[in-house]
Structures are given as structure tokens and as C-alpha cells.
Amino acid sequence: MNVRYRVDLNQIERTELRALLSSGKHASRKLKRAQILLAADAGAGDEEIARSVGVGGSTVYRIKRRFVEGNLERALSDEPRPGAERKLTVKEEALLVATACASPPEGRARWTLELLAGAMVKLTEHRSLSHETVRRRLAENGLKPWRKDMWCIPQVDGEYVARMEDVLDLYAEAPDPKRPVICFDESPIQLIGEVRQPIPARSGQIERYDCEYRRNRTANLFVFLDVHRSWRKVKVTERRAAKDFAACMRELTDVHYPKAERIRVVLDNLSTHSAGALYQSLPACEARRVLRRLEFHYVPKHASWLNMVEIEIGVLAKQCLDRRIKSRAKLAAETAAWEKQRNAARARIKWMFTTDKARAKMGRAYPKLDAKSASSQRVKTSVQWY
């Protein structure tokens with residue numbers, strides 16, 4: 001059948017094929033093709049090659065023909081396969097994408113592959129459409145209509161940038177014991193008790209606990225974090241009202257930093273995080289005394305990630321709170337133990353985001369000056385320089 005296809009390899013081709021076989025890092029199909037070519041070059045017959053390599057006679061014939069009519073690369077590689085004809089036309093694919101991006105039918109929260117296949121049957125002349133066809137066409141367009149993400153879109157304006165750079169500059173300052181920088185935030189927590197006692201782990205058996213639980217009200221965690229030294233404080237309270245915030249600020253000035261001249265506090269925009277909360281909860285003279293030693297710095301709205309204590313709260317949740325805690329007393333004891341261990345380990349947060357990086361990475365989002373304003377600013381700068 002293939003007498004006219006004779007394989008004659010040169011020394012370079014033989015060396016390449018032997019190296020390919022010795023490496024063993026290629027697909028088995030490619031390795032078998034290399035064995036066929038080397039055996040044919042050595043003068044072995046087609047039947048002998050097929051038997052020794054473990055392929056059919058037609059495969060030996062095809063590989064030899066592709067080498068003679070083409071080259072070594074063509075003989076070793078797979079030929080392109082046409083595949084089945086696409087069931088949806090370009091217009092029908094566009095219709096599928098538009099449908100997936102539209103609202104789902106009444107009574108359904110979101111589109112599914114079944115719903116989309118049924119909708120396409122109604123909108124086109126197809127009598128049926130498989131779920132796999134719908135899935136592949138959606139995947140090609142990067143669509144997963146059964147999924148959705150929740151995220152907060154901040155408005156990056158002059159106020160956002162000003163607050164962000166103010167906080168980043170605080171983080172970049174050299175440590176000053178007289179002017180510490182403290183990040184502050186709170187986190188609510190549900191107190192959960194056991195209905196039945198968990199079964200402890202033993203050899204060959206993991207710990208087991210009942211799916212039923214008892215809700216024992218809620219508690220709140222106020223968390224302080226010193227930006228420039230390895231110190232954090234967790235305070236457990238029943239709620240997070242204005243008087244609780246005022247008590248935290250007074251403790252910060254009188255207990256934790258009594259010798260500091262000015263304490264810079266990084267806060268989010270919660271309504272109770274204000275100077276007014278101290279006047280609502282303390283006598284005016286006492287509120288004024290505490291506020292004289294405090295300086296509030298607010299992160300931008302929808303940018304709580306800029307508050308370094310958010311990272312610390314995440315560590316606390318993972319290392320200490322990832323379990324059922326039944327009472328506020330137990331919660332206070334456990335968080336105090338975690339706080340003591342973490343302070344003793346001198347754990348720190350390595351903050352990498354700076355004002356320069358913000359301007360480089362978020363430059364497009366920064367407010368743009370018009371040409372007239374920019375020109376006027378350059379003139380003023382020039383005058384001040386000279």
C-alpha cells in the first residue's frame with residue numbers, strides 16, 4: 001500500500017528524534033510517531049512497525065506519507081481538524097448574549113442554561129438546543145448569568161483623594177511616641193451557644209458538633225491598632241452607641257497613651273465616630289479635655305480598606321472568632337488571650353500602599369484639572385519660585 005513512501009532521515013533528524021524519545025516529556029502520540037519514523041528509517045516493514053509500536057497499519061502509512069510529502073515537523077504534529085459546524089450563527093450568538101444580559105423571566109431570580117436554551121428555541125427556528133451549546137457560547141463571551149458579585153463603587157473625587165492621601169501620609173510618617181497614629185474600628189458579633197455538647201476529636205474521627213445552635217444576643221468589638229508599633233487592644237461591649245465610642249476615646253487618651261501630646265485616630269464615617277459623640281456622652285469640660293488630645297482622620301467613603309485595623313480584625317476573626325462563643329464574658333476572655341499573645345509575638349502589619357503608588361495606580365481616577373486651571377497653577381508656582 002505504501003511502497004512509494006520511503007523514510008530517509010538525515011543525522012540531524014535522527015538526533016532530534018532520539019532526544020525527543022529520551023526526554024519522555026511529550027504526548028504519547030508524538031512519541032509513537034517518532035518511534036515509527038526511526039523504525040522506518042532503519043528499514044523495518046510496516047507490519048513489524050505497527051506491531052512493535054502498538055498502532056494500526058494505517059497510522060504507519062499516514063506518518064510516513066506526511067514525512068515524505070512534508071517534513072519532520074508535519075509528521076510529528078497533529079493535523080488540523082475541521083470539527084462540527086457551529087449550531088448558532090453569528091446573529092443568533094448575539095441574540096443569546098443579549099438575552100443572557102436581559103432580565104430573567106417572571107418568577108425567576110436569574111437565567112440558567114435550561115432557561116436560555118428554551119428562550120433561544122422560542123426566538124429562533126431551532127427545534128432544540130443543548131445546554132452545552134449555550135454554555136460554550138456564553139463562555140466565549142465571558143458570561144455567567146447565574147452568578148453575580150456585590151461590590152461598592154466609590155466616587156473618586158477631590159474629597160476621596162484628599163482623605164486617602166491624608167491617611168497614607170500618616171502611615172508613612174516616622175514613629176513619634178508623642179504623636180502616635182491609632183487605627184480604630186468596630187465589628188459586631190453574634191453570640192452562639194451549643195444545644196448539645198460537641199463530640200471531641202479522637203483517633204480516626206474528627207470533631208463533630210450539632211447543626212442546631214442557640215442565639216444568645218449580640219456583642220460588639222472595638223479594636224485599636226497602633227500603626228507604628230506592635231500593639232493592639234480589643235474591647236468587648238454590649239453595643240456601639242455614641243457613649244461607647246466616647247468611652248473608648250477617653251480610655252485611649254487617659255489609659256493607653258497618657259503621655260502623648262496628640263493622638264491621631266484613623267476612623268471610618270460611622271455617625272457615632274465624631275467629636276459630637278463625646279459631647280453627647282460626657283460633660284462639656286470633660287469632652288473638651290479629651291478632644292484637645294485627639295485628632296480625627298477619616299478614610300474616604302466606601303474605602304474602609306484604607307483603615308489598617310480592618311486587616312487586624314480579619315486576623316482576629318480567623319484566629320480567634322471562627323467558632324461558637326456563647327457569652328460576652330467568654331468572648332472577652334478569648335479576645336484578651338488572643339490580644340496578649342499577638343502583642344507578645346510583636347506582630348505587625350506591613351503596609352505597602354503609599355501616596356506615590358496611589359498616584360501611579362489610580363492616576364486615571366484622580367480629578368482632572370482643565371487646561372485653564374492647570375495653566376493658572378503653573379503661573380502661580382512660577383511666581384512663588386522667583
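Residues in region 11-26 that are surrounded by 10 or more Cβ atoms within 10 Å (Cβ to Cβ) and either closer than 10 Å to Leu76 by Cβ or out of contact with any helix residue (DSSP H, G or I) (no Cβ under 6 Å at 6 or more places or on another chain) (or both): Arg14, Thr15, Glu16, Leu17, Arg18, Ala19, Leu20, His26.
Selection within region 258-309: residues that are of a type in the set (A, V, I, L, M) and assigned to a loop (DSSP other than H, G, I, E, B). The member of this set that is modelled with the lowest pLDDT is Ala303. Filtering region 227-245 to residues that are surrounded by 19 or more Cβ atoms within 10 Å (Cβ to Cβ) and in a strand (DSSP E or B) leaves Arg232, Lys233, Val234.
When region 108-124 is filtered for residues that are farther than 15 Å from Arg147 by Cα and either in contact with a Ser or Thr (Cβ under 8 Å, 6 or more places away or on another chain) or open to solvent by less than 40 Å² (accessible area, probe 1.4 Å) (or both), the ones remaining, listed by number, are Ala117, Gly118, Ala119, Met120, Val121, Leu123, Thr124. For region 302-345, residues that are within 21 Å of the chain's Cα centre (by Cα) and open to solvent by less than 50 Å² (accessible area, probe 1.4 Å) total 11.
Selection of region 245-301 for residues being under 38 Å from the mean Cα position of the chain (by Cα) and acidic (Asp, Glu) yields Glu251, Asp268, Glu295.
Answer yes or no: is there a residue in region 93-103 that is polar (S, T, N, Q), assigned to a helix (DSSP H, G or I) and closer than 27 Å to Leu143 by Cβ. Looking for residues that are polar (S, T, N, Q), assigned to a helix (DSSP H, G or I) and closer than 27 Å to Leu143 by Cβ, one finds at least one in region 93-103, hence yes. Selection of first residues in region 40-65 that are farther than 15 Å from Val7 by Cα and of second residues that are outside any helix (DSSP H, G or I) and open to solvent by 40 Å² or more (accessible area, probe 1.4 Å), restricted to Cβ pairs under 8 Å at least 6 apart or on distinct chains, gives the following pairs, ordered by first then second residue: Gly57/Met1. Between Arg196, Arg215, the distinction of being out of contact with any strand residue (DSSP E or B) (no Cβ under 7 Å at 6 or more places or on another chain) and open to solvent by 90 Å² or more (accessible area, probe 1.4 Å) belongs to Arg196 only. Exactly one residue among Ile313, Ile325 is in a helix (DSSP H, G or I) and touching a Leu at 6+ places or on another chain (Cβ under 9 Å), and that residue is Ile313. Note on region 72-107: among residues that are open to solvent by less than 80 Å² (accessible area, probe 1.4 Å) and in contact with a Phe, Trp or Tyr (Cβ under 8 Å, 6 or more places away or on another chain), the one that is modelled with the lowest pLDDT is Ala75. Only one of Leu31, Leu76 is under 49 Å from the mean Cα position of the chain (by Cα), without any contact (Cβ under 8 Å) to a residue 12 or more places away in the chain and under 18 Å from Arg14 (Cα atoms). Can you tell me which? Criteria check complete, one pass: Leu31. With the structure loaded, tell me whether Asn71 is polar (S, T, N, Q) and under 48 Å from the mean Cα position of the chain (by Cα) or whether it fails that test. Yes; evaluated as a whole, the condition is true for this residue.
For every residue, the table says whether it meets (1) in contact (Cβ under 8 Å) with a residue 24 or more places away in the chain; (2) closer than 22 Å to Ser327 by Cα; (3) touching a Phe, Trp or Tyr at 6+ places or on another chain (Cβ under 9 Å).
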site: Thr237; (1), (2), (3): no, yes, yes
site: Ala246; (1), (2), (3): yes, no, yes
site: Met249; (1), (2), (3): yes, no, yes
site: Tyr257; (1), (2), (3): yes, no, no
site: Arg262; (1), (2), (3): yes, no, no
site: Ala277; (1), (2), (3): yes, no, yes
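The values are calculated or read from the model by the stated rules, or taken from the named source; none is laboratory data. No experiment lies behind these values; they were computed from the predicted model shown. All Cβ positions, even for glycine, are placed from backbone atoms using ideal geometry, and neighbour counts span all protein chains on display. We work out accessible area using only protein heavy atoms, side chains counted, and drop any ligands, DNA or RNA first. Shrake-Rupley method; radii C 1.70, N 1.55, O 1.52, S 1.80 Å.
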